[in-house]
Structure formats: C-alpha cells, structure tokens
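What follows is calculated from the coordinates using simple rules that are stated; it is not laboratory data. Because the structure is predicted, anything quoted here is derived from the model rather than measured. Counting neighbours? That spans all protein chains shown, and the Cβs are built from the backbone with ideal geometry, glycine included.
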C-alpha cells in the first residue's frame, strides 16, 4: 500500500527540484528567502557591493515533514578590493534532495564603474556542481531499470554573468548566473532529454527614510527559468534604528514569507525567515525555515550600513 510519505516524495520529484528522472526537462537551483541581503546568490556583479568583507552562512530546511525535501547549506563570501574598482566573491554550497547530494563551488569577479550617481558593476562567475545520486535508497517497482540503480555522479562546469547598479538608496540588477544547459545524465548508456535550464533574474529595490529611526525598503525579484512559468517575489522590509529588520514577502504561487533580522553589533547579524507554503503541497508540510549568520568587516576607515 502506498503511504503518504511515498506520495509526497513523488510530488517533489514531479515538481522537478533536481530533474533527475529521464522525462524531466529542467533542473532547478536552490531558492533562498534572504537573497535581498545576500545578493551574490543571484548575481555575480554583487561581489564587493559594499566597502567591506562579508561572510554569510545559510541553512535552509525546506518543506518540513516532507520526506526527501530540500536541505541547503551555503557559505557565501565577497569583498571589495581597497583602492581598486574590483569585487571578488565565492559561493560554496551543498543541496540535499532525497537521494541526491549536490555540491557546488563558484567564484565571482565584478568590475565597478563610477557613474554620476551610483555605481554600475559588471560581473562574471564560474565554477562547477558535483552531484552524487544513490538510487539504491529508492523503493523501486523495477530492479532492472538502468536509470534507477546504483550510485551515479555528475560533474557539471558552468559560468554566468550579471550587471548591478546601486547608490545609497536604490539598487537594480539583472543576471543569468548559469549559462550552460548541461545534460542531467552523463552516462553513455542512458537516453535522456533531461537538461539544466537557464535562470534569468531581475531585482530592484529602494530605501525610504521617513525619519532617522525608520527605514522602509520595498523590493522585488522577477525570475524566469526556460520552460517554466514566470515567478515574482514582492518584499517589504522595515528597519528600526538600523538594528532590527522585520519584513514580509509574497512568492507567487509558492509561499508567504516572514523575515526577522537583528544586528548584534556592527559586524555580526542574525536573520531568520519562515516560509508559509500556499502551493498544493501545503497539506503535507509545516513550511520552510531559513537561518543566516553574517559577519561584515569594514575595509578602510569608513563604516557602511548595508540595506541590500
């Protein structure tokens, strides 16, 4: 008899979180909810956006109580080079979904052009994903299916690009972080149409300052993956005395998100988001939890509080 756990696992696979089945056509990358303060995960041109060195650690536990649901850990670091219009960054991550473990390392380079108002940054990133899939963990109906047996590994190099404009109150960016449509299967004896598909991201936001104690920051993210519907996030963040940040987001067709961030000191901050699922799997999950710990070290003598 098929139980609920098996049904929800099939739902996850059907949604194509990693697209490893032979009739899948697209592979999706991890989704974060605190990207508005961790912009390198979307756009390589964000590297060194502020005059400081940034180190962020993120843990995301998606769709709690769903067997095989994504769990992601990510280490993100980037810095501006003193007296040079250059930013450097790196992302190291592990994404675990069911029987699949995906490890990735990507480095970023951004060159910054000073404009009359603000800075335009042009960025490149390059790296690879290493994926290991243990199909022996599956409850299989057929033990002779070559696509669902043994342990398979895959090495997938990729690169991407982006542009990011910002000044003290406004930002906007566009990026294609992964340009290559790599095949999901690399075994010669397996016939599959499954490939990765490009993501396109457009971001933007503005900080309003009604008074010295309160800052309001509406922002948005538009995402498009080839072959998938257009998606959009609408966000609102409220900063209280530059110490506490509370916010809410709507992710189209997916979730309502609550955000809390506190600045522990000038260097260290802690952030938490809860994603309340509104899609069809909401009956099976208690939502998604994401934690982020960030450390910022200023470069030079100036201190810069970052709102994005």
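When 151, 77 are sorted by how many other C-beta atoms sit within 10 angstrom of their C-beta, beginning with the fewest, the order is 151, 77.
Report, please, the projected area of region 257-307 averaged over directions, based on the convex hull of its C-alpha atoms, in nm². Answer in nm², one decimal: 4.4.
Taking other Cβ atoms within 10 Å as a rough exposure proxy, 120, 259, 268 sort from fewest to most as 268, 120, 259.
Spin-label pair residue 226-residue 183: with each label point 7 Å from Cα along the Cα-Cβ axis, the two points sit 1.6 nm from one another. Length available on full extension from residue 240 to residue 306: 0.36 nm per residue minus the Cα-Cα distance, which gives 22.4 nm. When 78, 59 are sorted by how many other C-beta atoms sit within 10 angstrom of their C-beta, beginning with the fewest, the order is 59, 78.
Taking 0.36 nm per residue of separation and subtracting the Cα-Cα distance, full extension of the segment from residue 92 to residue 128 would add 11.9 nm. A Förster distance of 41 Å, applied to the separation of the beta-carbon atoms of residue 116 and residue 258, puts the FRET efficiency at 0.60. Using R0 = 22 Å, the C-beta based FRET efficiency linking residue 270 and residue 82 works out to 0.20.
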